Protein chains: 2
Amino acid sequence: MDARLVNVEFLPAGKTLRVEHGTVVAGALLAAGLKSGMPCGGRGRCGKCRVVFKSGVPEPTPAETDRLTKTELDGGWRLGCTATINQDAVIYIPNGSGAAKILTHGTRRRVLASPSIRKKHITVEAPSTADLRSDLERVLGSLGIEKSPQNIELPFLRHLAARLRESNFSVTAILADGELVDIEPGNTESACYGAAFDIGTTTLAAYLIDLATGDEVATASAVNPQAGVGDDVISRISYSTSRIDGLANLQSLVLKEMNSLIKKLSDAAQISSSHIYEVSVVGNTCMTHLFLGVDPASLAQAPYVPVVRQMTALSAGELGMGINPAGRVHVLPAIAGYVGADTVGVVLASSMYNNEELTLAVDIGTNGEIVLGNKNRMLACSAAAGPAFEGAHIYCGMGAVAGAVDAVWLDEDGLGFSTIEGKSPAGICGSGLLDAVVCMLKSGVVDEGGRIADPEELPQEYAFLKDSLRMGGNGREFILVAKEKSATGEPIVITQRDIREVQLAKGAIAAGIYTLMGRMGVSAEDLDKVILAGAFGNYVRKESALGVGLIPNVPLHKLHSVGNAAGEGAKLALISKDMRGDAARISNEIEYVELTTDAEFQQRFADALIFG
Amino acid sequence: MDARLVNVEFLPAGKTLRVEHGTVVAGALLAAGLKSGMPCGGRGRCGKCRVVFKSGVPEPTPAETDRLTKTELDGGWRLGCTATINQDAVIYIPNGSGAAKILTHGTRRRVLASPSIRKKHITVEAPSTADLRSDLERVLGSLGIEKSPQNIELPFLRHLAARLRESNFSVTAILADGELVDIEPGNTESACYGAAFDIGTTTLAAYLIDLATGDEVATASAVNPQAGVGDDVISRISYSTSRIDGLANLQSLVLKEMNSLIKKLSDAAQISSSHIYEVSVVGNTCMTHLFLGVDPASLAQAPYVPVVRQMTALSAGELGMGINPAGRVHVLPAIAGYVGADTVGVVLASSMYNNEELTLAVDIGTNGEIVLGNKNRMLACSAAAGPAFEGAHIYCGMGAVAGAVDAVWLDEDGLGFSTIEGKSPAGICGSGLLDAVVCMLKSGVVDEGGRIADPEELPQEYAFLKDSLRMGGNGREFILVAKEKSATGEPIVITQRDIREVQLAKGAIAAGIYTLMGRMGVSAEDLDKVILAGAFGNYVRKESALGVGLIPNVPLHKLHSVGNAAGEGAKLALISKDMRGDAARISNEIEYVELTTDAEFQQRFADALIFG
């Protein structure tokens, strides 16, 4: 990929957006709020995510020449999971993999756009001896507003006179919840945007939304630059409390990166960033504290309470956001110190708080945030899973980047794997690790207790895996990729210790889930829907999540991967005041269960260390 | 005077305040909100402003040894207008010159203190596993507040956690209109102050008020440092529009001086400036625009409309006021481009908008702001008087400072005069000038048309003034002080041109008054009360104001000098939300009459050039 931008239009939805040159169709579909079903997880294996390029057809990929006929290829058919957009393109998404499918999958909730910000072009009467009203009064008069605004921003007052006269009294009023907050010269009614942010500990995701329509017009993402001082929440808190300028540094880092994302979004959509008037933010409680420059120290000490859970809109100018200074920033409310605004975003996007269906939502990262319930009652907790599912603390672990083994399977041909972007394998990421563990369990390489078997113990059927077992420096290990095939020249192995890490992570999440189910008095059969959110939840094979016992045993059709549901929640809160009201309600009404002091959780955790 | 501060207590009022060493008793009384009647205008001549020093008795002044008996002097009797406070003192103010008198004079209106800011000491529950509320929620909980504040300031959120823990969860909540805006460590309930400002074109006056009681605890004043770029409003506007940084410079100048006054007030009262939470500001419309950094350019061009007339509270932190950053700044509303918040302050202090009495209020400066009316209807206008009454554009004119001739009289001993602080005469200020004109009219030195007479034309009775008349470089002039008695070695004279300046100034004010009376359909007999506000209004002899025809001919008892009524209005608005509501109502309901385009005013102006 490079920095050039191209236009892509999706049919029949009729949605157009600008993406970076080289973007994979599936990614662009996601950015457009559409989704191409990828049963194989985007590995080019199933051929089910077919799309038709009406223009801007790319060269076929090897996976496409394997899976598609010559006639299909000549007709512009490609696979959504491998074809890239290299020039302006129009792409048709066949029935079944368009917007309709998304709604059934519950990843995208449609709400009416009802943003706080509204723009109205007005022609203001110029002063005359017969009309001696002040400038402010004449603007308010043109808007039919009788009362002075409750809050007037000084910058607005300071440019009011000049803007009126420069534009010959033809201006666009910016109204926030009906109150005048600023004016712009001329008619800028059509340029009214908002930006939604998901501040992850590792990654920042940003979405540019047209506030008038609710449509997403661009997306961008970046690494959270705070990662430079430490991978996880605890190391960030420690940095912020151990240095006099620690907190200010971390705040400034994330703010600068967010401002650079705003720049990228504005460039991609070819708009002025001063036409962005609202920002919504989700993130875990530590990330939102750091974003606001609020001391997160209490999150690192029992009983882990936040400084603030809910707040009203903040001034973009005061916060230093690179949008219109009169703009507002909405930080979604949190539930507890370790169940943050991101979880509120997931609940909001899932609509589970409105439904009768009993829903279990799990967002897996270093902490697994778990919410169980429906419109009558909701429980939430946070389980300290550790970073195994993110590929960290794993001997050959790596993040979900190019060259990571992201899927492993056992079939008639033996043990197979795929890597991200088809690059030479360099390590294993979370979804690949979970797949590998499932294969190891299935083949007897690992038993339910997590012990790697002696080669002689393998069942006859899987005797061919004997040579994959060896003694390493730290006990038995399983060779997943031979050194000849590895990008590093070293074999990619799964060690006994890796298995233990997976057990601990899986055990914590599962025990958290069962603790909530116990509190609620429900069992797996009562679950109507299980939602896996977040990057891991999006890429993990559902069968593997079920196979290791990470989640309760439910029929596959009840299990949904919803991608970045937290980000979806941020978008909903951006475009709708009602959704922000719902978020506040969710944050207040959800019952938080503290696991660290819960005796039941301790018992369930011990039980959940067993696979299956 | 020097910078040392001393304590003074006034009996029987029981009021204590700190003043600068060397302060005259009358000034300290004014600062304390009391008033000693000074029929002679503070010249030590009438002996009616007697006070008794119970301790800290100063040496008698010459005026005191002239006017008081030995027994009185030994008993601590002094004159309020000349005795100075040189050490800690207790001073008894005899009946008739204490607070009671003020009320009849209408200079001081008593209202119930009902400030926006309230402080409440609370002990907050510390977090525990049984109480996982956020810090903000636990503070709100201790206050019995259920909802999150509508507006949360970032600085508050940023120190919330640390302040709670530093003070072991014993804090004082600061509430603005019932909403939590900040907390302070420990119990600071008793320290809750506000500062009222009158930003004059020439002078800044500042008052420190205890918000709990409404009592004034210190006063301070300074020259408006913007005077460095020009004496009057027009030169300030011209500076602000002709330079790129002009407006910012002027704003910064006044803000810095106000902050230094806040420092002085805090030092005098021995309080921390961070315990000042509210500021109220009056001033003419240009001064309030410059204070806010709002472009005053439209005030210099017909039809002279302001950018903003009314506004709600502004953030002290955002404005850069040197008080508690969570504090609020209330700028009183204006009426028009040349009838500002200072006039609203005068109306507020006079209570005329509540009364049946038909009141005429006149605040004389370079512009004379005039308000006429009662609770049923009020009219206002601004008459361009020019600076004659401030001693400017007058051949021997000077401001009302030490050495200025401030009173002139004709009695059996001939022509007499006094100077400010009894210093050698160096020039003449506004009140002296008006007195002199009255004496010149009385003696026939000047006729009703303003022509200085030929010495031969003088009536026999005043023939002794013959030698005071001479021809100068610009026509006839009247020698008020012979060169032998003058501090400059040159005679202090009043020229024909000076008389013309006084005619123009007097004519503009009087024509403004008669224009409003014409609109209202009333004549001089209908006036129940005439109020002279401002420094000139305070020092001018009522007889002289009537004598030259500056104001309609009313009986002396209807005429009241009320001192800095604009500042009084600022104090009322500071201590009471209701008063701020009244100010908004005054600003909306008063009918503004634009004189520059008023034909009736032109005619009346021509008529009013005639003295008497």
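A short reminder: the numbers here are calculations on the coordinates, not readings from a lab. What you are looking at is a predicted structure, and each value in this text was computed from that prediction instead of being measured. All Cβ positions, glycine included, derive from the backbone under ideal geometry; neighbour counts span all protein chains shown.
Between 0 and 90 degrees, the angle of helix B:496-520 with respect to the longest Cα principal axis of chain B falls at about 60 degrees. Taking one quarter of the surface of the convex hull spanned by the alpha-carbon atoms of the stretch B:389-502 gives a direction-averaged projected area of 6.4 nm². Taking the label point 7 Å along Cα→Cβ, B:GLY399 and its counterparts in the other copies are spaced 6.5 nm apart, in ascending order. Legend: mean number of C-beta atoms from other chains within 10 angstrom of residue C-beta atoms, peptide A:121-129, equals 2.
Neighbouring Cβ atoms from other chains, within 10 Å of the Cβ of residues in A:291-303, number 4 on average. FRET efficiency for the pair A:GLU166 and B:ARG377, taken as 1/(1 + (r/R0)^6) with r the Cβ-Cβ distance and R0 = 60 Å, rounds to 0.95. For A:ARG500, the distances from its label point to the matching points in the remaining copies are 10.6 nm, ordered from shortest, with each point set 7 Å beyond Cα toward Cβ.
Only lysine pairs 8 or more places apart or on separate chains count here, and in the stretch B:389-502 those with Cα atoms under 21 Å apart total 5. The angle between the Cα long axis of helix A:565-575 and the main principal axis of chain A comes to about 10°, on a 0 to 90 degree scale.
Seen from A:ASP598, the other residues with C-beta closer than 12 Å to its C-beta sum to a net charge of 0, counting Lys and Arg as +1 and Asp and Glu as -1. In plain terms, if you count all Cα to Cα distances in chain B and split them into 20 Å steps from zero, the share in each step is 19, 49, 26, 5, 1, 0 percent.
Ranked by the mean number of other Cβ atoms within 10 Å of their residues, highest first, the peptides B:221-228, A:330-337 come out as A:330-337, B:221-228. First check a/c for the protein assembly as shown, with a ≥ b ≥ c the square roots of the eigenvalues of its C-alpha gyration tensor; if it is under 1.5, answer rounded, and if not, answer prolate when a/b is larger than b/c or oblate otherwise. Because a/c hits 1.5 or more and a/b exceeds b/c, the protein assembly as shown counts as prolate. With neighbours defined as other Cβ atoms within 10 Å of a residue's Cβ, the residues B:THR343, A:THR597 order from fewest to most as A:THR597, B:THR343. Please determine, in degrees from 0 to 90 and to the nearest 10, the orientation of helix B:430-442 with respect to the longest principal axis defined by the Cα atoms of chain B, where the helix direction is its Cα long axis. Here the helix axis deviates by roughly 30 degrees. Per-residue mean of foreign Cβ neighbours for A:308-317 is 5 (Cβ atoms of other chains, 10 Å radius). Across chain A, C-alpha contacts under 8 Å between residues 6 or more apart give a mean separation that, scaled by the residue count, equals a relative contact order of 12 percent.
For the stretch A:117-185, the Cα-based Rg and Dmax, in that order, read 11.0, 34 Å. In terms of its Cα atoms, the stretch A:549-607 spans 44, 32, 15 Å along the principal axes, sorted from long to short.
Note on A:ASN474 and B:SER221: their simple-model spin labels are 8.1 nm apart, each label 7 Å out from Cα toward Cβ.
Approximating the spin labels as points 7 Å out from Cα along Cα→Cβ, the B:ALA113-to-A:GLU457 distance works out to 8.1 nm. Only helical runs count toward this figure. For the protein assembly as shown, summing -39,500 (n - 2.57) over DSSP H runs of n ≥ 4 and dividing by all residues gives -9000 deg cm²/dmol at 222 nm. Exposure proxy shown here: for A:LYS423, A:LYS15, the number of other Cβ atoms within 10 Å sets the order, fewest to most, as A:LYS423, A:LYS15. Kindly flag which residue pairs out of A:LYS147/B:LYS577; A:LYS506/A:LYS542; A:LYS375/A:LYS577; A:LYS375/A:LYS506; A:LYS264/A:LYS571; B:LYS147/B:LYS571 have an alpha-carbon separation exceeding 22 Å in this structure. Violating the 22 Å Cα-Cα cut-off are A:LYS375/A:LYS506; B:LYS147/B:LYS571.
A simple count of charges around B:ALA535, restricted to other residues whose Cβ falls under 10 Å of its Cβ and scoring Lys, Arg +1 and Asp, Glu -1, yields -2. In whole Hz, with x marking every Gly and Pro, tabulate ³J(HN,Hα) for the stretch A:460-475 from phi via Karplus 6.51 cos²θ - 1.76 cosθ + 1.60, θ = phi - 60°. With coefficients 6.51, -1.76 and 1.60, one gets 3, 3, 10, 4, 5, 8, 3, 5, 7, 9, 8, 8, x, x, 10, x Hz. The local environment of B:ASP88, defined by Cβ-Cβ distances under 10 Å, has a net charge of 0 under the rule Lys, Arg +1 and Asp, Glu -1. Just check the stretch B:283-393 against the gyration tensor rule for me: Cα atoms, a ≥ b ≥ c as the square roots of the eigenvalues, rounded for a/c under 1.5, and otherwise prolate or oblate depending on whether a/b exceeds b/c. It is oblate, given that a/c is not under 1.5 and a/b is not larger than b/c.
In plain terms, the residue of A:ILE234, B:ILE323, A:ILE117 with the fewest other Cβ atoms within 10 Å comes first and the most crowded comes last, giving A:ILE234, A:ILE117, B:ILE323.
Size check on the stretch B:181-333: the Cα extents along the three principal axes, sorted descending, read 53, 27, 25 Å. Between the amide H of B:THR419 and those of B:ASP406, distances stay under 5 Å, these residues lying 5 or more places away or on another chain, with hydrogens modeled in the peptide plane.
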